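Written out below as structure tokens is the structure these notes cover.
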Amino acid sequence: MFSGVSRGPGAIALALVTMLLAPPPTARAVEFIAGEYKGRRVLLDEPPSERHPRGGRIFSGDAKKLATALAQGGPYAEVLFNSGGGSEPDGLARGRLIRAAALSTRITADAMCASACADAFLGGVARRVEPGGRYGVHMPTIAGNAGMVSRIAGVIEREMRKGSHRGAQQLIFEIEQLSAQAASRWAMYVIQMGASVRLVDAGTEKLASDMKWLNRAELLDLNVVNVDD
């Protein structure tokens, strides 16, 4: 990105802040569609389209949409996922709603479920990933926390003007604490849902900007998939 252009540390820092603050690609919130799959009544995440190839994204407040769908349109047997992820709190909340309703979850052969969607998927009492379906995880991140990103931007700009690093050091301590809390929160949820806590280790192999796609052996070994039919 910076090849061929000479930039000092300050300019690079500002460029990084700009990237952090840039709005995410246009995406649509998840909308659930009632339907039938293999003789069972199901809720289906909004499927991908040409404009939205990753399907619906999980935004803040989407867990409430699922609660409403379950209350107004049930009973359902299964939730079918097809989403690239989104809001971590809503992913966890959706998973807990699914578990409370004793529903199964499935990723079909042509679908993907990653990041916050991967968390929601774990809420299924019975969890299936069909051959060709993809399940992806990555390290916990606070990059989606707009308040924290703005705070980081402010501290960097202020410290650059002052020529000091003390404020930046304190900010690093805070980021480390928040990251540790996010990892702990994820680990506790994974355990509660009956998957192996080693799933968290697998996630830390990839930055939040990347994705680790689990193969079939890993899905079974980590108890992400607990029904292999």
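The values are calculated or read from the model by the stated rules, or taken from the named source; none is laboratory data. Since we're looking at a predicted model, the values are computed, not measured. Please note: Cβ atoms are built from the backbone with ideal geometry, for glycine as well, and neighbour counts cover all protein chains shown. Keep in mind that these areas ignore ligands, DNA and RNA; they rest on the heavy atoms of the full protein, side chains included. Shrake-Rupley method; radii C 1.70, N 1.55, O 1.52, S 1.80 Å.
What are the equivalent ellipsoid semi-axes of the range 94-145, built from the alpha-carbon gyration tensor (square roots of five times its eigenvalues), in whole angstrom, biggest first?
Working through the eigenvalues yields semi-axes of 19, 16, 6 Å.
List the residues, sorted by chain then number, that are 5 or more residues from residue 129 or on another chain and whose placed amide H is less than 5 Å from its amide H.
Under 5 Å from the amide H of residue 129 lie the amide H atoms of 107, each far enough along the sequence or on another chain.
Plugging the Kirkwood radius over Cα pairs into Stokes-Einstein for the range 93-185, at a temperature of 25 °C and a viscosity of 0.890 mPa s, what D comes out in µm²/s?
Answer, rounded: 154 µm²/s.
Please list 100-107, 205-212 highest first by mean number of surrounding beta-carbon atoms within 10 Å per residue.
100-107, 205-212
Could you work out the local net charge near residue 104, counting Lys and Arg as +1, Asp and Glu as -1, over the other residues with Cβ closer than 9 Å to its Cβ?
So the environment of residue 104 carries a net charge of +3.
Any number yet on Rg/Rh for the range 187-229, C-alpha, Kirkwood?
Rounded to two decimals, Rg over Rh is 0.98.
Residue by residue, what Karplus-based ³J(HN,Hα) values in Hz, rounded to whole numbers, does the range 172-177 have, using 6.51, -1.76 and 1.60 with θ = phi - 60° and x for Gly and Pro?
4, 4, 5, 5, 4, 5
Which whole-number value in Å² is the accessible area per residue of the range 133-229, probe 1.4 Å?
Averaged over the residues of the range 133-229, the accessible area is 58 Å².
Projected onto the charge dipole of the range 117-229 (+1 at Lys/Arg Cβ, -1 at Asp/Glu Cβ, origin at the Cα centre), which of 183, 150, 220 gives the Cα projection farthest towards the positive end?
150
Quick check: net charge around residue 202, other residues with Cβ under 13 Å of its Cβ, Lys/Arg +1 and Asp/Glu -1? Can you show the working numbers first?
On the way: positive: 198, 206, 212; negative: 201, 205, 210, 218, 221.
With Lys, Arg at +1 and Asp, Glu at -1, the neighbours total -2.
Which percent of the accessible heavy-atom area of the range 133-229 goes to carbon and sulfur, probe 1.4 angstrom?
Percent of accessible area from carbon and sulfur atoms in the range 133-229: 54.
Checking a compactness column here: for the range 147-210, what do you get for Rg(Cα) / (2.2 N^0.38 Å), N being the number of residues?
So the range 147-210 has a normalised radius of gyration of 1.49.
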